[in-house]
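Written below as structure tokens is the structure these notes are about.
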Amino acid sequence: MLPIMETCGALKCRNVTDSHSRRWLRRLSALIFPRVAAREVGPTGSKCYVDAAREARVGVVEEGLRGFWHLEYLQQFPQDMRKRVSSERCAELTIIAASHNLKEAWISYQPVLLVMYLLQYMPFLGFWLMDKEKVGLGSSADSGKGKSKMSKQITHGFHLLKGKALHEMEDYVVAKFKEVDDNELGLFAIFDGHLSHEIPDYLCSHLFDNILKEPNFWQEPEKAIKKAYYITDTKILDKASDLGKGGSTAVTAILINCQKLVVANVGDSRAVICKSGVAKPLSVDHEPNMEKDEVENRGGFVSNFPGDVPRVDGQLAVTRAFGDKSLKMHLSSEPYVTMEVIDDDAEFLILASDGLWKVMSNQEAVDSVKGIKDAKSAAKRLAEEAVARKSSDDISVVVVKFQ
């Protein structure tokens with residue numbers, strides 16, 4: 001194994017009172033350091049997670065004090081590590097601060113960005129992670145395809161690519177046809193988790209079932225979907241101890257008997273249909289600037305820190321999502337719902353997470369795949385084009401071809 005660096009560092013968290021943020025740090029520490037031992041170092045009450053039996057690694061320090069997140073380097077080390085450890089090489093490093101949940105803060109609370117700073121200053125650690133843990137720049141691609149039994153010309157395909165963040169893949173996809181009471185339903189969805197892969201996984205298993213359980217689904221699908229979204233979100237919040245306190249955006253599309261499409265979404269995962277070569281959005285990006293009044297009416301605020309996107313309470317970049325228990329008072333899980341007739345002008349549908357839409361417009365996405373007949377190949381093309389355009393987020397794409 002390559003030497004990491006002859007120093008020991010710490011990511012300190014002050015002003016973090018919610019258990020989810022603390023659990024996030026512990027999980028990050030466990031990812032980077034498979035064997036961890038807590039040891040008192042530095043200020044009274046702080047804990048540096050280091051393994052005295054190994055070469056020096058970056059430690060994660062957790063304090064229950066109010067204040068700031070910051071990156072600093074420790075001056076004290078376990079006795080048996082002093083021969084191998086030196087802090088002199090990091091003397092030039094400065095504190096990187098990011099306040100949490102404060103209106104007057106100069107930068108928003110983003111622990112992932114702090115870790116990116118950490119890797120910037122410790123390149124050997126980045127190489128070790130990529131080589132040994134296969135995270136950071138891993139592709140973790142997954143793909144698949146299928147077709148309708150009712151109309152052989154209607155097919156679907158999907159493709160996923162893991163982004164560069166130091167966490168598990170948080171995008172989940174549903175793409176299948178299902179027979180229900182002599183009807184055929186095409187069920188398609190993108191669930192884009194944040195600080196959680198458990199919640200999008202739960203949505204994969206339960207959201208469509210909850211929608212189809214609604215007795216008025218066939219007569220009033222819009223009302224049924226809104227009710228099912230609410231019920232599902234309530235169950236997720238009730239299961240927060242098991243699922244965690246992260247959340248997920250969602251975009252769902254139900255194709256009824258190959259004739260009618262019902263689309264719903266919360267957050268910034270998006271649905272776009274191509275009709276006669278023109279991109280038509282079937283969803284709405286629920287962004288903080290667009291729903292600032294609603295957030296403030298619920299008692300929250302929308303931050304606009306320099307160099308960052310607007311965020312609810314300085315944290316979340318969407319105003320509607322499943323989960324997010326700690327922010328739920330200021331968020332909504334009510335979906336935007338629309339219906340579209342699948343006529344001769346309808347060519348194909350694209351569902352994708354924001355890993356695609358951050359780097360590509362609706363029309364650009366349509367134009368890049370309208371000449372590709374195979375739905376799976378079209379989905380793969382979009383995902384790979386997003387990577388080529390420097391998207392670093394998880395990317396998931398579903399394409400449904402109507403002709």
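At a glance:
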item	result
Some residue of the stretch 215-230 being in contact (Cβ under 8 Å) with a residue 12 or more places away in the chain, part of a loop (DSSP other than H, G, I, E, B) and either closer than 15 Å to PHE191 by Cα or of a type in the set (Asp, Glu) (or both)	no
Answer residue from the stretch 362-403, given it is touching a residue at least 24 places away in the same chain (Cβ under 8 Å), in contact with a helix residue (DSSP H, G or I) (Cβ under 9 Å, 6 or more places away or on another chain) and under 15 Å from GLY277 (Cβ atoms) and is surrounded by the fewest Cβ atoms within 10 Å (Cβ to Cβ) among those	LYS370
Which numbered condition SER241 fails, given (1) over 16 Å from VAL337 (Cα atoms); (2) small (Gly, Ala, Ser); (3) touching a residue at least 12 places away in the same chain (Cβ under 8 Å)	(3)
Any hit, the stretch 329-348, residues being in a helix (DSSP H, G or I) and not acidic (Asp, Glu)	yes
Test set (1) outside any strand (DSSP E or B); (2) of a type outside the set (Asp, Glu); (3) modelled with pLDDT under 95 - PHE208 fails condition number	(3)
Residues satisfying the stated conditions in the stretch 359-372, i.e. modelled with pLDDT of 95 or more, in a loop (DSSP other than H, G, I, E, B) and not polar (S, T, N, Q)	VAL359, MET360, ILE372
Options GLU170, GLU184, GLU179; residue that is in contact with a Ser or Thr (Cβ under 9 Å, 6 or more places away or on another chain), surrounded by fewer than 22 Cβ atoms within 10 Å (Cβ to Cβ), among the acidic types (Asp, Glu) and farther than 13 Å from VAL397 by Cβ	GLU184
Residues located in the stretch 163-192, provided they are under 25 Å from the mean Cα position of the chain (by Cα) and of a type in the set (A, V, I, L, M, F, W, C)	ALA165, LEU166, MET169, VAL173, VAL174, ALA175, LEU187, PHE188, ALA189, ILE190, PHE191
Answer residue from the stretch 206-255, given it is farther than 18 Å from GLY193 by Cβ and touching a Gly at 6+ places or on another chain (Cβ under 8 Å) and is surrounded by the fewest Cβ atoms within 10 Å (Cβ to Cβ) among those	ILE254
Among (1) closer than 29 Å to TYR202 by Cα; (2) out of contact with any Phe, Trp or Tyr (no Cβ under 7 Å at 6 or more places or on another chain), the one test that LYS275 misses	(1)
Filter result (at pLDDT 90 or above and either of a type in the set (Ser, Thr, Tyr) or not assigned by TED's automatic domain parsing to the domain that holds ASP233 (or both)) within the stretch 159-202	TYR172, TYR202
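The values are calculated or read from the model by the stated rules, or taken from the named source; none is laboratory data. Small disclaimer: the values here were computed from a predicted structure and weren't measured. For neighbour counting, all protein chains shown are included, and Cβ atoms are generated from backbone atoms with ideal geometry for every residue, glycine included.
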